[in-house]
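Accompanying notes for the structure given below.
The values are calculated or read from the model by the stated rules, or taken from the named source; none is laboratory data. Just so we're clear, the structure is a prediction, and the values are computed from it rather than from any experiment. Reconstructed Cβ throughout: ideal geometry from the backbone, glycine too, with neighbour counts over all protein chains shown. Heavy atoms of the whole protein, side chains included, go into the accessibility calculation; ligands, DNA and RNA do not. Shrake-Rupley method; radii C 1.70, N 1.55, O 1.52, S 1.80 Å.
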Amino acid sequence: TNRVFSGVQPTGNLHLGNYLGAIRNFVGLQDTHECLYCVVDMHAITVWQDPKELAANTREVAAAYIAAGIDPKKHVIFNQSKVPAHAELAWILNCVARIGWLNRMTQFKDKAGKDREKASVGLYSYPVLMAADILAYRATHVPVGEDQKQHLELARDVAQKFNNDYAETGGTDFFPLPEPLIMGPATRVMSLRDGTKKMSKSDPSDYSRITLKDDADAIALKIRKAQTDPEPLPETVEGLEGRAGADNLVGIYAALSGLSKAEVIAKFGGRQFGVFKPALAELAVEKLSPITGEMKRMLDQDRSYIDAVLASGAERANAIAAPIYSRVREIVGFI
Ligand code: TYM
């Protein structure tokens with residue numbers, strides 16, 4: 001069977017990269033796969049979160065899932081901390097993963113910064129919890145943006161080593177090796193302020209990202225201020241090379257319109273940014289405002305609905321994970 005698992009951290013500033021690189025793809029898998037979409041609150045606290053904001057941000061991600069079009073009746077939307085198998089399996093997998101593997105994780109190096117001694121232990125073993133998220137459901141496919149690729153390779157290594165280490169007690173092929181699904185033209189949306197850095201929730205500049213809370217004016221303003229160079233758009237896609245800011249905006253236009261980058265260039269090649277940026281802003285508003293509007297409506301007026309979705313999702317997630325975790329206990333030799 002095909003089972004999809006993915007997650008988004010409730011750390012605020014949910015942005016266009018999260019939508020185009022991940023959430024929109026989650027929506028597309030619903031007809032063909034059984035899907036679990038998680039709000040990974042336990043991952044969020046690897047960096048300290050204000051408790052009130054964590055709760056609000058958890059509802060925000062759940063609302064984004066629903067507003068984007070994930071059907072919570074057919075598929076499972078829940079928050080990680082409600083299903084104990086994530087933490088329990090993570091412990092076992094912490095004992096399977098090797099320190100050397102974690103030392104190679106580039107995201108840890110980026111997030112921990114210069115003073116690595118001061119990073120939380122949770123931040124260091126973050127990828128192991130992520131492996132547990134996926135393997136707790138024996139998920140086969142994981143839709144993510146490009147930046148999660150290394151973490152998924154680690155999840156595969158952990159699954160493989162568990163299967164080998166416990167081959168004698170039933171480990172052989174117990175965990176499927178999860179396949180990353182890195183799909184579409186926007187697997188790495190870049191910052192609007194610096195086309196060489198990825199768009200991120202933690203960038204101090206609000207102008208670096210379009211968030212799912214921005215209204216039409218904010219979207220237009222941020223696109224107008226987006227960093228570009230003085231040249232008009234090139235006549236060919238190859239002409240975007242070395243022009244990170246321009247390349248990023250063309251990529252965003254492509255992703256939002258469903259056109260290829262070449263088709264976008266066919267339409268706007270040779271035109272000035274003064275023409276292209278307003279067209280992009282209009283497209284972004286057209287595509288995003290139904291989603292952001294519905295998110296806002298749910299968060300302002302229908303919080304109890306969001307909470308009910310999360311509660312029922314947690315029950316259903318637990319019903320899948322608990323028997324798998326029982327088997328893991330036996331395989332490991334816990335009585
Ligand atoms: P997070 O919360 O940082 O991001 C959520 C999703 O958005 C994608 N993404 C992007 N895609 C394109 N361009 C960008 N600029 C951009 N920024 C973020 C991410 O790749 C991700 O798919 N570790 C994960 C959460 C997680 C998870 C999991 C994912 C926890 N457990 C299990 C899959 C399976 C994370 O931090 O995502």
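Some points to look at:
- Verdict on Ala85 being open to solvent by less than 20 Å² (accessible area, probe 1.4 Å) and closer than 25 Å to Asp214 by Cβ: no
- Of the strands (runs of 3 or more DSSP E) lying entirely inside the range 1-94, the ones with 1 or more residues being within 11 Å of the ligand (Cβ to nearest atom) are found at 3-8, 34-39.
- Residue pairs meeting the criteria (Cβ under 7 Å; at least 6 apart or on separate chains; first in contact (Cβ under 8 Å) with a residue 24 or more places away in the chain, in the range 136-151; second in a loop (DSSP other than H, G, I, E, B) and within 6 Å of the ligand (Cβ to nearest atom)): Gly145/Thr187; Gly145/Arg188; Glu146/Thr187; Glu146/Arg188; Asp147/Arg188
- Enumeration of residues in the range 144-169 that are among the basic types (Lys, Arg) and either touching a Ser or Thr at 6+ places or on another chain (Cβ under 6 Å) or closer than 13 Å to Met105 by Cα (or both): Lys149
- When the residues of the range 150-200 are filtered to those that are assigned to a loop (DSSP other than H, G, I, E, B) and open to solvent by 70 Å² or more (accessible area, probe 1.4 Å), the one that is farthest from the ligand (Cβ to nearest atom) is Thr172.
- His43 vs. criteria open to solvent by less than 50 Å² (accessible area, probe 1.4 Å) and closer than 17 Å to Gly145 by Cβ: yes
- Filtering the range 194-221 to residues that are more than 21 Å from Thr11 (Cα to Cα) and in contact with a helix residue (DSSP H, G or I) (Cβ under 6 Å, 6 or more places away or on another chain) leaves Gly195, Thr196, Ala216, Ala220.
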